[in-house]
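Visitor: Sharing a structure, written as structure tokens. Questions coming.
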Amino acid sequence: MKMERLIGILSILLQKEQVTAPELAEQFEVSRRTIQRDIESLCRAGIPISTAQGAGGGIAIMEGYRVDRTVLTAPEMQDILAGLRSLDSVSGTRRYAQLMEKLSAGTGGLVPGGAHMLIDLSSWYKTSLPPKIERIQEAIEQHRTIRFTYFSPREESVRTIEPYYLIFHWSTWYVWGFCQMREDFRLFKLNRMTELASGEPFAPRSAPLPNLEAERIFPAKYQITALFEPACRWRLVEEYGTDCFTVEPDGKLLFTGGFPDADSVLSWILTFRDKAELLEPEELRERLGTLIEALARRYRKEEEHGVS
């Protein structure tokens, strides 16, 4: 993709005194005309690049701007490589690893073969998620809208947005864009999208970065108190940390925490089965009791009718 190629070209220009357009075209497997457009894009981005025609000519970064390749140490290059490999884990390809091989060409072994950090950003949805990421990436680069059916807790709707950022956060992939229905910027979870398709070109607008603070995205409407059996300690530590509970004299764990809505509270408590008791707030405790009674009636009724 273009952005990857621009990064690769810039890295090569920072490492070498001069390079020719045919050399870059061969390395990145594109036409010379594409390389010329890429150089123009780098110039528009403020990179001072000079070109010289004829024998001995080529493409170079103007003197005074070049960065010594030794600025990047081997551990730093390893960190870059780990990041690029993590992106490969999303697409299921070696695209970014191959990019890293191109970036490290001529660095004199700056990138050692061993790796001490492995990052896997793939999810359970390995067949459905990568095509969505690819299509959204293309739409962002080409400034095209995307259209999809979206499933949220409140409604099912068809949305058209101007996409600006793909975001991996809270162990999930999102797209941040301007929603034409809401006439505002919104965050959409990729796993809730179906029938994703590219749309019409749009004129890019000034896009603010999303505020990804959990308190803003998931504001705590309910502060709860619950009592857990000691066997639940590992889950509380994993999900909320060691500061979320205190140990009672009998060994039980008194938990306090905030939740964005009632359904989140009830569904979470139920996952602990009989090893958790919701103490407060009283209104949710009553709702949980009513829900449990309804479930008990349903399953007793099925047993009476011979349903296993």
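Visitor: For the range 129-212, what class follows from the C-alpha gyration tensor (a ≥ b ≥ c being the square roots of its eigenvalues): rounded when a/c is under 1.5, otherwise prolate if a/b is larger than b/c, else oblate? Walk me through the intermediate numbers first.
Guide: On the way: a/c = 1.19, a/b = 1.17, b/c = 1.02.
Taking the square roots of the gyration eigenvalues as a ≥ b ≥ c, the range 129-212 is rounded.
Visitor: Then there's this: Quick one: if the Förster radius is 51 Å, what FRET efficiency do M62 and D120 give, using the C-beta to C-beta distance and rounding to 0.05?
Guide: Calculated transfer efficiency: 0.80.
Visitor: Quick one: dipole size for the range 218-304, taken about the Cα centre, charges +1 on Lys/Arg Cβ and -1 on Asp/Glu Cβ, in debye to the nearest 20.
Guide: The dipole of the range 218-304 has a size of about 160 debye.
Visitor: From the Cα gyration tensor of the range 175-308, with a ≥ b ≥ c the square roots of its eigenvalues, which class applies: rounded if a/c is under 1.5, or else prolate if a/b is larger than b/c, or else oblate? Provide the component values of the computation, followed by the final result.
Guide: Values: a/c = 2.88, a/b = 1.60, b/c = 1.80.
Since a/c reaches 1.5 but b/c is at least a/b, the shape of the range 175-308 is classed as oblate.
Here, each number is a calculation from the coordinates, and none is a lab measurement. Just so you know, these numbers come straight off a predicted model, no measurement behind them. All Cβ positions, glycine included, derive from the backbone under ideal geometry; neighbour counts span all protein chains shown.
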